[in-house]
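Working notes for the structure below.
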Amino acid sequence: MKKYIAEFIGTAVLVILGCGTAMLVGCDAAAGGGYILTALAFGLVIVGMAYCVGNISGCHINPAVSLGVLLSGGMDVKDFIGYVISQCLGAFAGALVLMAIFTSGGVTDMTGEFGSNGLAGVNGSAVAGLLVEAVLTFIFVMTILGVTDKKANHGSFAGVVIGFTLTLVHILGIGLTGTSVNPARSLGPAIVAAFNGNAAPLGCVWVFIVGPLVGAALAAVVYKALSSEG
C-alpha cells in the first residue's frame, strides 16, 4: 500500500507543479519563456520526486512507465494495476487542487483547460497526435529502462537523467500536443476541465492514453531485445 500512496502523491505533485506552471505562464512557443518554464517544471518535478518517493515505489508516476516496467519483467500485473489506479487518482486530485487555486483565487489560467493536452499544434489530427505521443514516450521510456537497468550502474544519477529527458521531450512536444507521454497526467486535468464546463480536452484524451501506452510498449520490446545477451 505504501507504494501506491507514493505513486498517488508523486503524480499529484507532477500535475500541480507541471500543469500548474503551464496554466500560469502559458505554452506559446512564439513567446518562448513560458514554453521553456513549463518544460523545466515537468522535468524538475521528476528529479525531485525521484529522490523523494523513488526508494518507495520507483517513482513511475506514469501509467506508460509502469507498462514499460511490466513488459520488461520489473513488476507483476497486480502491482501494475495498483500503480495505474493510484496514478490516475493522484492526477485527478492534483487537477482538483489546481481548480481550487485558479478558480477560487481568481488566478488567470493561460491555458484555459487546467493544463490539458490538445491537438491544436498538429491541426487537430489525431493520427499526428498519436505519432507524436508514441515517439516521445518511446524515447522517454527507453531512457528510463536504460538508466535504471542494474547492469548500467548509474546509481544516484538516474533521477537527474530521467528528469532532463522529460524536459527534452517537452521542448519538442509542447508546441505539438502539449506533451503528455503520461496517460494519467492527461486524464486528470481533462476530467476536471469537463467538471468546470470545458469538455473539449476530454474529447481527444484517448489520443494521450493510447499514444503513450503504444510508445511505452514498443520501448519495452526494443530495450529487452537490445539488452538481451546473445
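Read-outs throughout are calculated quantities, based only on the coordinates presented, and are distinct from any laboratory measurement. All of these numbers come straight from a predicted model, not from anything done at the bench. Quick reminder, even Gly has a Cβ in these numbers, built from the backbone with ideal geometry, and neighbours come from all protein chains shown.
Give the whole-number value, in cubic angstrom per residue, of the convex hull volume spanned by the C-alpha atoms of the chain.
Details: hull volume 25.2 nm³, N = 230.
Dividing the Cα hull volume of the chain by its residue count gives 109 Å³.
Neighbouring Cβ atoms within 10 Å as the yardstick, rank Thr103, Thr148, Thr177 fewest first. Walk me through the numbers on the way to the answer.
Working: Thr103 12, Thr148 20, Thr177 27.
Lowest count first: Thr103, Thr148, Thr177.
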>> Explain nothing, just compute: Karplus ³J(HN,Hα) = 6.51 cos²θ - 1.76 cosθ + 1.60, θ = phi - 60°, for every residue of region 203-208 in order, whole Hz, x for Gly and Pro.
In response: x, 10, 5, 4, 4, 8
>> If the only charges are +1 at each Lys and Arg Cβ and -1 at each Asp and Glu Cβ, what is the size of the charge dipole of the chain around the Cα centre, to the nearest 20 debye?
In response: 360
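What's the lysine pair count for region 2-227 at a Cα cut-off below 20 Å, pairs eight or more apart or interchain?
On the way: Lys2/Lys78; Lys3/Lys78; Lys150/Lys224; Lys151/Lys224.
Counting lysine pairs in region 2-227 gives 4.
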>> Just want to confirm a number: the relative contact order over region 10-77, from Cα pairs under 8 angstrom separated by 6+ residues, in percent.
In response: 29
> Quick one: helix 126-147 against the long Cα principal axis of the chain, what's the angle to the nearest 10°, folded into 0 to 90?
Replying inline: 40
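For Thr21, Thr11, what's the fewest-to-most ordering of other Cβ within 10 Å of each Cβ? Can you show the working numbers first?
Details: Thr21 22, Thr11 32.
Fewest-to-most ranking of Thr21, Thr11: Thr21, Thr11.
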> Karplus couplings for region 82-95 from phi (6.51 cos²θ - 1.76 cosθ + 1.60, θ = phi - 60°), rounded to Hz, Gly and Pro as x?
Replying inline: x, 5, 5, 4, 4, 5, 5, 5, x, 5, 5, 5, x, 5
> Mean shadow of region 13-146, computed from the convex hull of its alpha carbons, in nm²?
Replying inline: 9.0
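Can you put Ile5, Ile171 in order of Cβ neighbours within 10 angstrom, beginning with the fewest?
Neighbour counts put them in this order, fewest first: Ile5, Ile171.
Could you work out the longest stretch of the chain that avoids the trypsin sites (Lys or Arg not before Pro) located in DSSP loops with at most 12 other Cβ atoms within 10 Å?
Numbers: sites that count: Lys150, Lys151.
The answer is 1-149.
When a/c reaches 1.5 or more, the comparison of a/b and b/c decides; with that in mind, is region 1-55 rounded, prolate or oblate per its Cα gyration tensor? Before the final figure, lay out each step's value.
Values: a/c = 5.05, a/b = 2.54, b/c = 1.99.
Here region 1-55 falls in the prolate category.
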